[in-house]
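First comes the structure, then the notes that go with it.
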Amino acid sequence: MTGIEQLKRALIEPLRNQIVNAIARVVLSNVDNSPKMQRLQVDADEGLVEDVVHMQPYGLSAVPVVGAEATMVCVGGDRAVPIAVVVSEPATRPTGQVSGEVALYHRDGHIIHLRDNGDIEIQCGAGQHVIVNDGSGGVPLATLADVQQVRDDLDGHEHTYLAPAGGTSTKTTFGPSVTAPTGTQVIRAK
């Protein structure tokens with residue numbers, strides 16, 4: 001090997017290694033959510049990598065499940081300084097959104113969906129509640145089923161009135177159909 005070939009190898013090989021080591025697709029094997037910066041343990045091509053910092057977007061926090069996939073970036077191509085920038089669980093990601101829609105989802109199917117038409121759809125599991133907490137405790141939102149139950153309970157009940165000529169009169173009342181208000185005040189549940 002000539003001196004020029006040795007020089008090329010000495011200069012190019014370290015750069016090549018930094019580029020190759022800069023980004024990797026990995027699988028989570030453990031999650032430590034106790035520190036301010038979440039720490040992951042991942043399985044990479046070269047084996048187990050520990051103490052991978054999980055960078056999360058401001059205002060969002062999630063504890064990914066073991067087996068989720070991640071993109072690991074190594075600062076300066078140095079595998080001793082790994083950062084997970086994206087963690088995903090493709091098997092549970094909701095599909096079917098149109099361009100511009102956003103969904104915050106849980107692997108069990110709970111979802112907050114910002115629809116392209118301006119609707120905000122909140123889905124939770126059967127028997128679960130959407131809780132609004134104003135700081136004094138959580139209050140579940142009423143669903144249409146809750147409103148219908150109140151209507152059913154009140155429909156057909158009797159009122160006793162004082163008759164104008166004396167005595168009493170009984171009248172059975174039936175409530176009007178339940179209709180939602182219009183405009184930005186609408187809260188619907190399905």
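Throughout, read-outs are computed from the coordinates displayed, never taken from laboratory work. Source: prediction; values computed, not measured. We place every Cβ from the backbone using ideal geometry, glycine too, and count neighbours over all the protein chains shown.
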Checking rank on 3-15, 56-68, with mean other Cβ inside 10 Å and highest first, the result is 56-68, 3-15
Once amide hydrogens are built 1.01 Å from N within the peptide plane, the residues lying 5 or more places from Q38 or on another chain with amide H under 5 Å from its amide H are H54
Restricted to the stretch 3-91, the DSSP antiparallel beta bridge percent, nearest 5, is 90 percent
Scalar couplings 3J(HN,Hα) for the stretch 45-59 by Karplus 6.51 cos²θ - 1.76 cosθ + 1.60 (θ = phi - 60°), nearest whole Hz, x for Gly and Pro, are 3, 8, x, 6, 10, 9, 6, 8, 6, 9, 7, 10, x, 4, x
